[in-house]
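Quick notes on the structure that follows.
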Amino acid sequence: MNLKEEITGQTTKHLIWSEEDNTYIHKDVLPKLQHLKELSQSNGIELVILSGFRSFEAQKGIIEKKMNGTRPILDDHGEAKNPKDLTPSELLESILRWSALPGFSRHHWGTDFDIYDKNGLPPGYQVQLVPDEYKEGGPFYKLNEWISELTSQDKSSDFFLPYKRDLGGVAKEPWHISFSTSTPQYENSLTYNFFINFVKEKEIPLKDVILERAQEIYNRFIKAYFHYSTI
Ligand SMILES: [Zn+2]
């Protein structure tokens, strides 16, 4: 097992391909996810994964598309910003609000999923993954209520919502669930030194600005959302 490669989305060796979910899933998570789906069904919800595992290269591609304007950079109200109007530092900040740096997405681990409720979908509706869909009156409000309750009881739940609150870094993502048991080893290994060494060694968009603001970026967008680790 190469932990560094697992953390940074450079291997799928610890994962199993799930045809049903159309994604790779951590081998320890697969049965737990199945259980969660069954539980959702008994509550009138059909939990579906919109996005699961993402590789380093896939995450890098997302960031590059946001930088060159082929994928929108949204503000907190869902309005698109023009990357040309932003300084490199502002661009980095705007991107990190909704997307992780390549190498540092929880989606690299195979333990994290963006979910929606298929039963809540109006006919012909395209899922957008925006906060309004999970609020009262939105198609996935029921799912949000259910999963919030389930994961807030205590830490014995198999899953939790790492982006449940906006802590001044990553925006609130009520659709993002994370598997509890596998994440401590990843979080504990993802130290500041790990972060800075990886950024230095890799070709990562906006690398210079990231390195200038490394400690702040690490604290605000990575460490602040750890569930277990207090490193
Ligand atoms: Zn997510």
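The values are calculated or read from the model by the stated rules, or taken from the named source; none is laboratory data. All of these numbers come straight from a predicted model, not from anything done at the bench. Ligands, DNA and RNA are excluded from the accessible area calculation, which covers all protein heavy atoms including side chains. Shrake-Rupley method; radii C 1.70, N 1.55, O 1.52, S 1.80 Å.
Ellipsoid fit via the Cα gyration tensor, the stretch 101-204: semi-axes of 29, 17, 12 Å, each the root of five times an eigenvalue, largest first.
Applying a threshold of 22 Å to the alpha-carbon distances of K4/K207; K84/K202; K13/K60; K4/K27 flags K84/K202 as lying beyond it.
Can you tell me the alpha carbon radius of gyration of the stretch 18-89 divided by the globular rule-of-thumb value 2.2 N^0.38 Å? Numbers along the way, then the final one.
On the way: Rg = 17.5 Å, N = 72, 2.2 N^0.38 = 11.2 Å.
That ratio works out to 1.57.
Return one whole number: the accessible area per residue of the chain in Å², for a 1.4 Å probe.
On the way: 11350 Å² over 231 residues.
With all protein chains present, the chain gives 49 Å² per residue.
Remark on F159: its backbone amide H falls under 5 Å from those of S180, a criterion applied only to residues 5 or more positions apart or on other chains, H modelled at 1.01 Å from N.
Compute the convex hull volume of the Cα atoms of the stretch 3-182, divide it by the residue count, and report the result per residue in Å³ as a whole number.
Numbers: hull volume 23.7 nm³, N = 180.
Expressed per residue, the convex hull around the Cα atoms of the stretch 3-182 is 132 Å³.
Near the amide H of H26, within less than 5 Å, lie the amide hydrogens of I16, T111, all on another chain or at least 5 residues away, with H placed in the peptide plane. Working from Cα pairs under 8 Å separated by at least six residues, relative contact order for the chain is 20 percent.
Just the number, please: carbon plus sulfur as a percent of the accessible area of the chain, 1.4 Å probe, no ligands or DNA/RNA counted.
On the way: 5490 of 11350 Å².
The value for the chain is 48 percent carbon and sulfur by accessible area.
Taken as Cα centroids, the stretch 12-60 and the stretch 96-121 sit 11 Å apart, rounded to the nearest whole angstrom.
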